[in-house]
Amino acid sequence: MLSRAFGFIRDLMIATFLGTGPVAEAFFIAFSLPNMFRRFFAEGAFNTAFIPLFSKKLEANEAPHSFAQNSFAALGSILIALTLIAQLTMPWLVLAIASGFAGDIRFELAVDYGRIVFIYVLFISLAALLAGILNANGFFSAAAAAPVFLNIILIGAIGLAITFFTGDKTIEIQEQVEFKRYIGQHLVWGVVIAGIAQFALVWWASSRIGFSLWPTRPRITPDLRRLAIIAAPAMLSAGVMQINLLVGRQVGSFFDGAIAWLSFADRLYQLPLGVIGIAIGVVLLPALSRKIQSKDTDGSRIVFNRAVEMAMTITIPSSVALLIIPEQLVSVLFQRGAFTPHDVTETAAAVAIYGIGLPAFVMQKVLQTVYFAQEDTKAPFRYAVISMIINAVVAISMAYTIGFIGAAIGTTVAGWVMLWLLATGARKKGNIAMLDEGLKSRLPKMVISAGTMGVTLFLLSSGLEPILLIQGWRWLAIGILILGGTLIYFGIGYFIGAFRAEEFRKGLHDRKK
């Protein structure tokens, strides 16, 4: 939550000083490259295979340090080679993501920025592996805190650029091209420094619990071969999921400003997805792996159901809020400086579409752990391919008729299809993913509570509309909206029995039992 809060400050500053122009779009595309490969090689694939194997070795005390060290060395070797190749092929990588940039200044900027920020993938991917080691040992704080470094450093980078820029600041910010480029340079180098800081934090934390890992030459052992066999389908699956994102960026690159609109919208729906969906997935994977290793099917099902319950408790009302008051949220958060009312309208439209898909995006993270904990990475890959095809067909076909928003619609439709496939396939995984009676009875009540909250938000936003247009006071108005919606949702939910706090405590505190 702290990371997301600082992330909003970072994005607020980017929106204010860069707006949705060429520098902003070039930075978003360049920054997406290391993030894409990070999810491909580390969080989305390597760790998916590594954590269950490492958790089992940890549970059985079968030389977990040796396995971790060899995995660290192997991943590091791959990442160094990848980083060197990326430096040479950066123009083609940019075109692969945003071919609409070809022939204008955005392409040149994105290539220059991309070569710098790609260094980030080395440090952040190794940090992700170290975070997996910490999580498997039941330590979550350091790994969760690491992303805060990124946002604080980028905020500081923008602050330094503003402080030390020696050019003309008297002209309108929309016209300050040199100033914006100066900020862009600070941002890309800030990303690299942040990667080093994140890596240093989790390396220090893992060393404190007995896992000091160092660069060495990897040894091809049976365990490493097993890791590669499991990781390969997961890497393909992660690659397919990244192609889904690529489709959206490709569509957006052909519309001026759309890359930035989609990126800012992405940040809003990523708040509940990151805080709830990804966080629960991080905790759930090692927990389920241990339960499955010990043949505790009932315990696995309890942990899974409590994870779903907690995820939906926050996700359902978040989805409703993004659908009902997207323009109010975007306006208060971003509209100032170079971010215009037109930018607010276009970003809000994408936010509403992503809000419809939010429950699917979150539940994907939860359901995938059922497969990964049982070392099944092939089924999610097959499902991801189907989802990718649907996303491409919807996004590209709709872009011809309704513009860039087709990218957001494609992502949302594909998300719900992916969820349906995962849920259908999970029935073959035993009783782990079966909903218990308590959850079945509470889910409809959550929907009722969220629906009532949505009506409340609509009425409140209409009444507060004049205040939402006044600088300064609009922060109070959005605070009233959020507080009012929260009180209505949890108040009605508690009254009709949608939530049971003791069930959350039971599921979350069952760590290594």
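Using the Cβ-Cβ distance between residue 462 and residue 5 with R0 set to 30 Å, the FRET efficiency works out to roughly 0.60.
Under 14 Å from a point 7 Å along the Cα-to-Cβ line of residue 389: which residues of the stretch 411-432 have their amide N that close? Under cut-off, by backbone N: 418.
Helix screen, the chain: DSSP H segments with Cα axial length of 30 Å or more and mean Kyte-Doolittle hydropathy at least -1.0 are 64-97, 141-164, 177-208, 222-253, 297-324, 341-373, 378-402, 405-426, 437-463, 473-496. Projecting the Cα atoms of 314, 97, 63 onto the dipole axis of the chain, where Lys and Arg carry +1 and Asp and Glu carry -1 at the beta carbon, places 63 farthest toward the positive end. Only alpha carbons enter this Debye calculation for the stretch 1-92, each as an equal point scatterer, and the log10 of I(q)/I(0) it gives at q = 0.12, 0.21 Å⁻¹ is -0.61, -1.05. By definition, a body whose alpha carbon gyration tensor gives a ≥ b ≥ c is oblate when a/c is 1.5 or more and a/b is not larger than b/c, and the stretch 310-416 fits this oblate description.
Highest mean first, how do 430-437, 393-400, 466-473, 60-67 rank when packing is the count of other Cβ atoms within 10 Å averaged over residues? Provide the component values of the computation, followed by the final result.
On the way: 430-437: 15.4, 393-400: 17.2, 466-473: 11.8, 60-67: 13.6.
Going by the mean number of other Cβ atoms within 10 Å, highest first, we get 393-400, 430-437, 60-67, 466-473.
What does the helix-only formula give at 222 nm for the chain: each DSSP H stretch with n ≥ 4 adding -39500 (n - 2.57), the total divided by the residues, and the result rounded to the nearest 500 deg cm²/dmol?
Only helices count here, giving -27500 deg cm²/dmol.
For the pair residue 423 and residue 96 in one chain, pulling the backbone fully straight at 0.36 nm per residue adds 114.5 nm over the alpha carbon distance.
Sequence gap at least 6, Cα distance under 8 Å: using those rules, report the relative contact order of the chain to the nearest whole percent. Intermediate results must be reported in sequence, preceding the final value.
Numbers: 748 pairs, mean separation 102.9, N = 513.
Relative contact order here is 20 percent.
Overall, the chain carries a charge dipole of about 1880 debye about its Cα centre when +1 sits on the Cβ of Lys and Arg and -1 on the Cβ of Asp and Glu, all other atoms neutral.
Quote the convex hull volume per residue of the chain, based on C-alpha atoms, as a whole number of Å³. Could you put the intermediate results ahead of the total?
Details: hull volume 73.2 nm³, N = 513.
Taking the convex hull of the Cα positions in the chain, it is 143 Å³ per residue.
Stretched out straight at 0.36 nm per residue, the stretch from residue 226 to residue 212 would grow longer than its current Cα-Cα span by 2.8 nm.
Extension gain, residue 378 to residue 189, is 64.3 nm, computed as 0.36 nm per intervening residue step minus the present C-alpha separation.
Stokes-Einstein at 25 °C, 0.890 mPa s, Kirkwood radius from Cα pairs: D for the stretch 289-341 in µm² s⁻¹? Let's see the in-between values first.
On the way: Rh = 14.3 Å.
After rounding, the answer is 171 µm²/s.
Each of 343, 256, 104 has its accessible area taken with a 1.4 Å probe; listed largest first, they run 256, 104, 343. Placing a label point 7 Å from the Cα of residue 84 along the Cα-to-Cβ direction, the residues of the stretch 117-143 whose backbone N falls under 16 Å of that point are 119, 122.
Ranked from largest to smallest solvent-accessible area, with a 1.4 Å probe on the protein heavy atoms, 383, 489 come out as 383, 489.
The values are calculated or read from the model by the stated rules, or taken from the named source; none is laboratory data. None of these values were measured; they are calculated from a predicted model. Backbone-built Cβ (ideal geometry, glycine too); neighbour counts: all protein chains shown. Areas reflect the complete protein model, heavy atoms only, side chains present, ligands, DNA and RNA absent. Shrake-Rupley method; radii C 1.70, N 1.55, O 1.52, S 1.80 Å.
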